[in-house]
Amino acid sequence: MSKRSWSEAELPSPRSAQGPTTLQRIVSSTSPNSFPSPAQSHSPTKKRRSSVEGEPPAIAKAPSKPQRTNSTTNGTAADGKLPGISRKVKACAACRKQKIKCIMIGDPPCQRCKERGLSCRLNKSLQTLMSEDSKWKAAVTKDVTSLYATVEEIVRTLQLPSLPQMLVSTQDPAIFFDQEEQGNNEDDEDQSLDNSPKVTPVADNLSHVPIESLYQITGMRSLRATEQTNEEQARICKQLRDTDFIARGLVKQEDAEHLANYYLSKLDPYIWHICPDYTDLESFRRRSPTLTACVLTVAALHDTKLGNLYSVCSKEYRRLVANAMFERKIDMEYLRALVLGSYWLSDISWTLSGYAIRRASEFHLRRFYHEIAESVRSPDKANPTKLQEAMDGIRVLYLLYICDHHLSILYGRSSIMRDNESYITGWEAYLACSLSTDADRRIAGQICLMYLMNQVRETLGPEDTSSVLPASALTKIAGFERDLDDWIARFSRHNPSQYIGNWPNKGAVMHYHWAKLYLQSYVLRGLPESGAVIPEHFLENASAAVAAATAIINLLLDDKDAQIAIAYVPHHIHGMIAFACMFLLKIATKHSEQLFLDTVRFQRLINALAQHFKSTDVGKDHLIHRMADGLEKMAESLGGPARAKNRNRVNGERPTQPLTSPNQRVNTTVTPSSLTNGQTSAPDYGALDANAFDFGDPALGLGMPFFDFEGTTLDAGQAMWNFT
């Protein structure tokens, strides 16, 4: 069969130029704006091959898509949307290198890297970078626009030349993403699910932390028992992102600086320097707005110059504490603010203390004790930085323990923190640390005393107040007396402080008398309301309790350091003073004859203490003012002079008459000629109603002072007692 020529096949010769007519005929079957249908693409004509090898038939090519341009007409895009970026990088670098599927839920690491212990890193795609850049530019544009509007308003008000037109566009930059990524906002994520990669394996901690089992099943973040975080996440807390009330103008900058300096110089030394790393207001504001508000609140409570700011600061402090109540993570400074409030703010101390103890468990502060003990055993291996951090952490834990037991005794309720912990029983290792100070020795003394007083409470039974203490308890009381004598012998020799003078020693003596009063007053438990007679075998203990209560008041009236300190000490000191005064009042009205008590001397002591409290320079909202009024009522009930009515006195104003010393004679209605052995015609105390001073506490106020810490009886418009 002969071969056909090129002309017979009606095809151009490869050696001849292809004319436009032939090319047009070949392409004419395809419209420039259309593409062949699937039926046409599979037609037999498309499968015909050229008889000449190496000469493929001419194939019609579809025209390329028209390119989108950024040219605009009258401010609008000519062709609609800008070119979009189709996808984000969803696989980590290790899986992409191996070209395998990367299973990742939430943040890295992915499942494969987690199982193999590999470093899981998710490189940012172009889309992510452009998205972040767009958000930043949008925020800056918004800020600039706001500033421009403000300046424009100022120029208009001052009638100055108008500003030039802004060159920055106020429209947000348009970046287009594919549809599958739209709406995938992190804020829309179910907050109850935990996408954290730090999941404890099922086999780990299952027997020790049962809640981990429920977390493994449900994946709920709030059920996690522990959650280890890196350094960037350690101090994340919502309250740290708030703007403090100083920047909002609620408190002036100079007033805040004065209050911060007031706290650091006059109050912090009395609470064993709980804020050693802070030097001024800026250091507080830089680290924690909650701690700043707490410090200013406590300072305004005591300062007479800026006492009017107490309500503002207290409201801000409570707001910040409440805002972070349900936060998963808090920082150490927030916890420190809770501790400070527990010591100084009597109306919310019980609530703050319990909440602080719960939140402190998240920090595992007890581990610091083991680090300190290890540094004592091997001082050469200790890291100074970590050891300093451990000392700061264990101090916060110890202050929580002390405050918890103070409030437990004041309120007559069980303590939360246990006494059998290693950091409590092994406090000597804490003192043996190379970084311990005089303040640490005072803290250790309080730990030992609170431990001992809690043992008294558990041994003698605080809840059982209806039964009389048996005579067999004398042996136990004698043992506790010896323990208290050993305690005062060891912890009453502190070095004088440059801030608070010799108060560390005087404070130890006062706490010693308080503990003695607390112990010996148990012998009066369960006595009948009327016609009560102290058992003969308990008379000596009752007299010892009276002596301890009297010693507390005498110390405040005679010692200069104690007189100064009473304005700055935490409120549990005021609780022990109130307990001593109320004890003397009840003893004088019920058992003065049996114990041969000089009730006029009690009246003189209480009245002198009331006058001292009236002359104490503290803020108008301080507890001392309420105590002074109550003590005057007590002295009046014991035959003292009537109180002045409707007398308004400025904070810190000195009384018109000098303070009456308990060792001075007092003018009474009894003439000296009618006295025998000092007094025979004493006031008739039998006319007093002995039950008028009993506020539902048959144990002589044991565990609860005469004033209400919860604030239910601290209304100045109501009478604290009814003596009629």
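For the reader, a short list of remarks on this structure follows.
- Flag for residue 534 being among the β-branched types (Val, Ile, Thr), touching a residue at least 12 places away in the same chain (Cβ under 8 Å), closer than 22 Å to residue 447 by Cα and out of contact with any Asp or Glu (no Cβ under 6 Å at 6 or more places or on another chain): no
- Filtered residue count, segment 488-531, keeping only those that are over 17 Å from residue 445 (Cα atoms) and without any contact (Cβ under 8 Å) to a residue 24 or more places away in the chain: 3
- Pick from segment 410-429, criterion among the acidic types (Asp, Glu) and surrounded by 13 or more Cβ atoms within 10 Å (Cβ to Cβ), ranking: nearest to residue 364 (Cα to Cα): 421
- Residue count for segment 373-405 under the criterion of being in a helix (DSSP H, G or I), in contact with a Ser or Thr (Cβ under 9 Å, 6 or more places away or on another chain) and surrounded by 15 or more Cβ atoms within 10 Å (Cβ to Cβ): the result is 12.
- Residues satisfying the criterion are absent from segment 416-434 (criterion: among the charged types (D, E, K, R) and within 30 Å of residue 293 (Cβ to Cβ)).
- Residue in segment 462-472 that is in contact with a Ser or Thr (Cβ under 9 Å, 6 or more places away or on another chain) and at pLDDT 95 or above present: no
- Residue match in segment 316-339 (condition: over 14 Å from the mean Cα position of the chain (by Cα), under 27 Å from residue 267 (Cβ atoms) and buried (at least 16 other Cβ atoms within 10 Å of the Cβ)): no
- Qualifying positions in segment 304-337 - hydrophobic (A, V, I, L, M, F, W, C) and closer than 20 Å to residue 256 by Cβ: 306, 309, 312, 313, 320, 321, 337
The values are calculated or read from the model by the stated rules, or taken from the named source; none is laboratory data. Since the model is a prediction, treat every value here as computed from it, not as a measurement. A quick note on method: Cβ atoms are made from the backbone with ideal geometry, for glycine too, and the neighbour counts reach across all protein chains shown.
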